[in-house]
Amino acid sequence: MLRKNMWVAGVATPVMIAMLLLFAVSPSVKASDQPSAANAAVKIDNFVFGPQTITVPVGTTVTWTNADDIPHTSVSTEGVFKSKVMDTDEKFSYTFTKAGTYPYYCTIHPKMTGKVVVQ
Amino acid sequence: MPDKKQDLIDQTLQDLNNDGVDRRGFLQCMAWAGTGLVWTMSGGIPVSRAFAKGYGKDAGKGADFTFVQISDSHIGFNKPANPDVTATLQTAINKINAMPHKPDFIIHTGDLSQLSKPSEFDTLDQVLKGASAKQIFFVPGEHDMLSDNGEQFLQRYGKGTKGTGWSSFDHKGVHFVGLVNVANLKAGGMGSLGNEQLEWLENDLKGHSVSTPIVLFAHIPLWTIYPDWGWGTDDSEQALSYVKRFGSVTVLNGHIHQIMQKVEGKVSFHTAMSTAFPQPAPGTAPSAGPMKVPADQLQRVLGITDVNYVVSGRSLAVVDSPLGDAGASASGTAGAPLAVVDSIHG
């Protein structure tokens, strides 16, 4: 048992040092800042979906976050996806597995519209 | 802008002249026009404190009946614009209960709740239970039909109504119609009544003589105030075409959390203050979201609408009063709401 733990520690320590060095060299890089083909974000702010049109590759998960003091929804006009009501800071995610253009709107404030273009 | 306001006043006065209102009544109406919040705020018309105060004291005197409109309680809202919306609703109810003339009933023009939660409706019921007027009529706001297409709202507040909650009733010679313009909203659109409801409205009004005063009430304004923010109803023209033949039509709405009024021929449009939080004037903010005002000014921008009906003149007087003391408001910041009095003659 003792030997195994020591082995783990022996492998883990250089990895941790390497990670620390990496962060020391570029302190601003965090995992969440890494560009990722699989994730995209739409922020709902001041009754606007931002960006209003977002273009993403197939397989991307789009996450909407409501930054307003008022609840909103994000609902596909063609019935493809439908969020529950998002209160302040609440999120909704949907993964787009097929290419196409997906218009959507807020069913509470229908003047709010947006589009996800999946390529 | 000032020209538009002047037109509105001229038009109103013209209507009064045509209706042969006596000089005293005419002067009173002029005073009402002068105390109009909307005109005062955006048209620079001087406010007559004396008239405003005097009217407040005598409000409802000589009226055949009175009812009160409250709107946009948003029970469950707890953001900085008003962390305690239950308390301000309670203040509104206290104000109604303290009126020298007891209202026959209350109309709530929607957004009872913030998120359509059962607990929010429960809290609302609890507060409204304390109102001196026991009969309350409701139409839903978009916040009341968030998760279930308004099923819960219908069960609680829409007994005996049609469709998504529309209905009509007669009270002492006045025909009241509650309309729903927050259901099945289309992408890119504003409020919507829908064909089924419009058809029902046309039939509902058919049996009434032109001399019957009509009161329409709905959540979203039935006139286009600001399309960019969705402050209007796409098919309201159709609905209004059905009431054109009537001599006196009053349209009461909520949704925009501020007083706006317009007189168009025999139709008078009026929106009420919220009991929860104010919203910005059209186009004055990036969005229509809740407006934060200093805590000591909140009660000046929340309020209730008191409608007095006089059978002899077939007239309705709509009086908006803020939750805070009117006298205190008068001595406060310029432009703070005092009371809006608008007269509609049929």
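What follows is calculated from the coordinates using simple rules that are stated; it is not laboratory data. Computed from a prediction, not measured in an experiment: that's the story for all the values here. With ideal geometry, Cβ positions are generated from the backbone for all residues, glycine too; neighbour counts draw on all protein chains shown.
Taking the Kirkwood radius as the inverse of the mean 1/r across Cα pairs, report the Rg/Rh of region B:64-345.
Numbers: Rg = 17.4 Å, Rh = 18.7 Å.
A ratio of 0.93.
For the pair B:ASN184 and A:GLU90, what calculated FRET efficiency results from E = 1/(1 + (r/R0)^6), where r is the Cβ-Cβ distance and R0 = 25 Å, to the nearest 0.05? Intermediate results must be reported in sequence, preceding the final value.
On the way: r = 24 Å, r/R0 = 0.94.
That pair, A:GLU90 with B:ASN184, gives E of 0.60.
Distance between Cα centroids, region B:115-183 to region B:219-263: provide it in whole Å.
Each part reduced to its Cα centre gives a spacing of 19 Å.
Give me the net charge for the shell around B:ASP111: Cβ to Cβ below 10 angstrom, other residues only, Lys and Arg +1, Asp and Glu -1.
-3
State to the nearest 20 debye the size of the charge dipole of region A:30-119 about its Cα centre, where the only charges are +1 on K and R beta carbons and -1 on D and E beta carbons.
The dipole of region A:30-119 has a size of about 320 debye.
What nm value, rounded to one decimal, do you get for the distance between B:LYS206 and A:GLN119 when each label is placed 7 Å out toward the C-beta?
So the label points at B:LYS206 and A:GLN119 sit 5.7 nm apart.
How long is region B:74-154 along each principal axis, judged by its Cα atoms, biggest number first, in Å?
40, 30, 17
Averaging over all projection directions, find the projected area of the Cα convex hull of region A:35-118 and quote it in nm² with one decimal place.
Computed as one quarter of the Cα hull surface, the answer is 4.7 nm².
What per residue convex hull volume, in Å³, do the alpha-carbon atoms of region B:229-295 yield?
98 Å³
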